[in-house]
2 protein chains.
Amino acid sequence: MGDRCKVVIVGDEFMSYFCNTMNLCWFLLPELDNAIRTLHRVVGNAMVDDDRFIIVGNGSTQLFHALLYALSSPDLPEPINVVAAAPFYSSYPEETKFLRSKLYKWAGDANCYDKDEPYIEVVTSPNNPDGSIRGTVVNREGGKAIHDLAYYWPQYAPITSKADHDAMLFTFSKATGHAGTRIGWAIVKDKVIAAKMVKFIEVSSIGVSREAQLRAAKILGVIADDCRNLDLKGENFFEYGRRLMSERWGKLRELGMKSNGVFSLPKYPRGYCKFTGEYTDSNPAFAWLKSNEVLNCENLLRDESKIITRGGPSFGVDSTYTRVSMLSRDVEFELLLERLAAIKGTVNGN
Amino acid sequence: MGDRCKVVIVGDEFMSYFCNTMNLCWFLLPELDNAIRTLHRVVGNAMVDDDRFIIVGNGSTQLFHALLYALSSPDLPEPINVVAAAPFYSSYPEETKFLRSKLYKWAGDANCYDKDEPYIEVVTSPNNPDGSIRGTVVNREGGKAIHDLAYYWPQYAPITSKADHDAMLFTFSKATGHAGTRIGWAIVKDKVIAAKMVKFIEVSSIGVSREAQLRAAKILGVIADDCRNLDLKGENFFEYGRRLMSERWGKLRELGMKSNGVFSLPKYPRGYCKFTGEYTDSNPAFAWLKSNEVLNCENLLRDESKIITRGGPSFGVDSTYTRVSMLSRDVEFELLLERLAAIKGTVNGN
């Protein structure tokens with residue numbers, strides 16, 4: 001994109017803590033607020049009506065912590081239970097547990113949750129690690145939910161409807177790949193929850209880098225402009241990303257078929273993507289590999305082929321599963337395919 | 001400084017989570033590590049030998065949380081006590097308490113601390129709010145300390161020696177005024193503590209914005225270059241800042257003398273500043289005002305003169321004290337002086 005995504009910041013810009021004292025989220029750069037809402041409107045993946053609050057965070061990780069704080073209460077006699085259906089994102093348990101808060105506690109797999117107590121269910125959709133499209137599973141009265149929609153973008157999954165949950169998380173790192181910028185955002189319906197999240201970010205880091213926000217605003221803005229540009233020559237960002245992901249998944253599935261059942265991969269239903277206007281496949285950011293021949297898939301891949309993956313137990317399931325990144329650079333991805341193909345040979349003895 | 005402090009970032013730079021996988025603090029930009037160490041060597045305000053670890057954070061606020069985590073232990077039967085001598089920085093109690101951690105708890109004024117239990121003493125020097133130079137006051141065997149040296153720069157205080165504590169905090173916002181960038185750093189002796197801090201920042205925000213780090217590196221680097229430049233025309237950054245602060249304190253003290261004892265201000269000893277090579281005064285970032293005539297100094301200033309300050313109780317002392325910022329823009333500072341002068345008239349009835 002050359003100069004179109006370039007940011008230039010001179011020495012005396014952006015010195016204040018404050019970005020917009022008129023906004024509930026006083027540390028949110030108005031340009032970023034605007035770029036986020038515009039992009040969601042263009043893509044159609046989340047409801048961003050003007051009455052929704054946008055809260056920016058140091059990555060969506062900080063916003064997950066902010067939501068635990070906002071959805072819990074010091075007035076409850078016991079910490080609120082935090083659950084997610086296995087396989088769940090491997091960082092949720094640690095993020096929930098590590099400060100040993102009396103406000104909330106990790107309570108494991110939502111599929112097994114049977115306590116008659118207050119709870120927060122974390123729903124990741126498309127799911128990390130397995131790419132499945134998900135909703136809440138506990139569905140008890142008074143239950144609260146955090147919807148982590150980091151991967152709900154057209155390069156990963158068909159955009160079938162505008163998500164419209166009470167608290168939704170997105171992140172620059174998964175929307176565009178800019179992980180080093182550390183910009184996430186929450187879309188929140190309730191003003192009291194939004195205000196508690198702002199308080200959390202104030203007390204934990206007094207806001208979010210304005211340089212990072214400026215850059216995210218610029219890049220998200222350029223992407224939205226291209227998506228809306230009817231005269232655009234070539235693909236827009238999401239079409240480009242979807243084509244790359246689709247090619248990678250095609251190669252991986254082809255390898256899987258040749259492997260005679262050594263590994264298996266999840267299957268995803270096609271869906272009508274309102275963004276592209278056609279039926280599309282899911283092309284998740286991770287391949288959720290199941291070994292049909294050994295008990296520990298992570299160890300097999302590491303020991304036999306020097307492929308680093310993250311095993312099932314990190315995600316609350318057994319070790320026949322492991323998570324493989326589909327987002328490496330081309331040269332690494334080709335190497336991954338080569339090494340996976342070689343394992344097939346080893347295991348089958350040919 | 002014009003273009004010298006300008007940063008330019010193109011669209012595909014800085015995309016990875018990782019800044020330096022060879023470093024314990026894998027999310028610290030090597031340019032920032034280098035700029036921080038160089039600046040401390042030039043100013044002489046902190047020991048930064050190569051065996052010290054530099055940990056970057058989303059402001060020193062996040063590093064304060066990281067230190068509470070790193071200095072506490074899940075193996076202790078009770079939360080560790082966190083104390084600071086009053087008047088202490090008003091955010092420490094809330095930062096310590098708000099997540100209701102079982103790892104640490106706020107235990108108030110260090111001057112009154114008499115428990116025979118593990119503790120962490122937070123020492124801010126020069127102190128916020130009162131500008132005093134401080135050391136630990138509890139001094140019990142096994143006690144741990146966090147030294148917050150945010151204001152230990154030549155514009156605020158004479159640099160009398162290189163600080164050399166186990167865990168020291170600094171922040172870009174107070175060194176140069178760039179509060180919106182959200183960059184703080186810790187200088188830590190012990191590798192285990194440093195590693196726990198890195199873990200904290202990983203779990204709470206997966207690192208620190210690379211754009212923010214790049215900008216801090218650039219600006220701190222330019223300041224260090226000028227300080228070392230024997231051919232520099234005009235003042236370096238700290239000489240400039242010290243002159244401005246000294247002029248403001250001169251005006252405020254003059255007003256104080258004319259006020260016939262309505263208000264009083266702390267007095268600070270002159271010290272030999274090794275950076276400037278001369279005896280200099282302290283010119284703190286805040287004026288710690290004591291009212292000699294009314295019980296609530298914050299209310300007096302707000303109600304009579306629309307001067308917003310932060311009252312003594314926020315800092316653990318009585319309401320005859322209040323904290324006034326000395327870092328506003330020139331036009332606001334002149335207005336502050338005018339309004340303070342008018343109060344004198346009101347109170348004295350002339």
Taking B:SER132 as the residue in question, decide whether it is outside any loop (DSSP other than H, G, I, E, B), modelled with pLDDT of 95 or more, under 14 Å from the mean Cα position of the chain (by Cα) and among the small types (Gly, Ala, Ser). no
Checking B:THR309 against (1) at pLDDT below 95; (2) surrounded by 15 or more Cβ atoms within 10 Å (Cβ to Cβ), the condition it does not meet: (1)
Since B:VAL82 meets every condition but one in (1) free of Cβ contacts under 8 Å to residues at least 60 places away in the same chain; (2) under 19 Å from B:TRP185 (Cα atoms), which condition does it not meet? (2)
Filtering segment B:99-116 for residues that are within 14 Å of chain A (Cβ to nearest Cβ), among the hydrophobic types (A, V, I, L, M, F, W, C) and over 21 Å from the mean Cα position of the chain (by Cα) leaves a count of 2
If a residue must be within 13 Å of chain B (Cβ to nearest Cβ), crowded, with 22+ Cβ neighbours inside 10 Å, small (Gly, Ala, Ser) and touching a helix residue (DSSP H, G or I) at 6+ places or on another chain (Cβ under 7 Å), how many such residues does segment A:7-60 contain? 2
Kindly provide the set of residues from segment B:203-257 that are away from chain A (no Cβ under 11 Å), in contact with an Asp or Glu (Cβ under 8 Å, 6 or more places away or on another chain) and outside any helix (DSSP H, G or I), ordered by number. B:LEU232, B:ASN236
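Listed here are the residues, each with its yes/no results for (1) hydrophobic (A, V, I, L, M, F, W, C); (2) touching a Leu at 6+ places or on another chain (Cβ under 8 Å); (3) in the same structural domain as B:VAL122 (by TED's automatic domain parsing).
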{"residue": "B:GLU247", "(1), (2), (3)": "no, no, no"}
{"residue": "B:ALA285", "(1), (2), (3)": "yes, yes, no"}
{"residue": "B:LEU300", "(1), (2), (3)": "yes, no, no"}
{"residue": "B:GLY311", "(1), (2), (3)": "no, no, no"}
{"residue": "B:GLY316", "(1), (2), (3)": "no, no, no"}
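Results for (1) part of a helix (DSSP H, G or I); (2) in contact with a Lys or Arg (Cβ under 6 Å, 6 or more places away or on another chain); (3) at pLDDT 95 or above; (4) within 30 Å of A:THR96 (Cα to Cα), shown as yes or no for each residue.
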{"residue": "B:ALA66", "(1), (2), (3), (4)": "yes, no, yes, yes"}
{"residue": "B:PRO87", "(1), (2), (3), (4)": "no, no, yes, no"}
{"residue": "B:ASN127", "(1), (2), (3), (4)": "no, yes, yes, no"}
{"residue": "B:PRO158", "(1), (2), (3), (4)": "no, no, yes, no"}
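Yes/no per residue for (1) over 19 Å from the mean Cα position of the chain (by Cα); (2) modelled with pLDDT under 95:
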site	(1), (2)
B:CYS227	yes, no
B:LYS233	yes, yes
B:PHE238	no, no
B:MET245	no, no
B:PRO266	no, no
Among the residues of segment B:174-201, which ones are facing chain A (nearest Cβ under 9 Å) and closer than 15 Å to B:ASN23 by Cα? B:LYS199
Identity of the residue in segment B:288-306, crowded, with 22+ Cβ neighbours inside 10 Å and more than 15 Å from B:SER90 (Cα to Cα), that ends up farthest from the chain's Cα centre (by Cα): B:LEU300
A:PRO266 fails exactly one of (1) in a loop (DSSP other than H, G, I, E, B); (2) closer than 26 Å to A:LEU295 by Cα; (3) free of Cβ contacts under 8 Å to residues at least 60 places away in the same chain, namely (3)
Condition met for B:SER132 (at negative phi and in contact with a helix residue (DSSP H, G or I) (Cβ under 7 Å, 6 or more places away or on another chain)): no
B:GLU304 vs. criteria modelled with pLDDT under 95, of a type in the set (Asp, Glu) and more than 20 Å from B:TYR151 (Cβ to Cβ): yes
When residues of segment A:102-115 are filtered for being in contact (Cβ under 8 Å) with a residue 24 or more places away in the chain and outside any loop (DSSP other than H, G, I, E, B), how many remain? 8
Could you go through segment A:322-332 and let me know if any residue there is on the phi < 0 side of the Ramachandran plot and touching a Pro at 6+ places or on another chain (Cβ under 8 Å). yes
Scan of segment A:136-157 for residues that are more than 15 Å from the chain's Cα centre (by Cα) and of a type outside the set (Ser, Thr, Tyr), ordered by number: A:VAL137, A:VAL138, A:ASN139, A:ARG140, A:GLU141, A:GLY142, A:GLY143, A:LYS144, A:ALA145
Out of A:ASP226, A:ASP190, A:ASP164, I need the residue that is out of contact with any Ser or Thr (no Cβ under 9 Å at 6 or more places or on another chain), surrounded by fewer than 21 Cβ atoms within 10 Å (Cβ to Cβ) and under 17 Å from A:LEU24 (Cα atoms). Which one? A:ASP190
Would segment A:74-90 turn up any residue that is in contact with an Asp or Glu (Cβ under 7 Å, 6 or more places away or on another chain) and within 10 Å of chain B (Cβ to nearest Cβ)? no
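The values are calculated or read from the model by the stated rules, or taken from the named source; none is laboratory data. Note that the structure is predicted; figures quoted are calculated from it, not measured. Backbone-built Cβ (ideal geometry, glycine too); neighbour counts: all protein chains shown.
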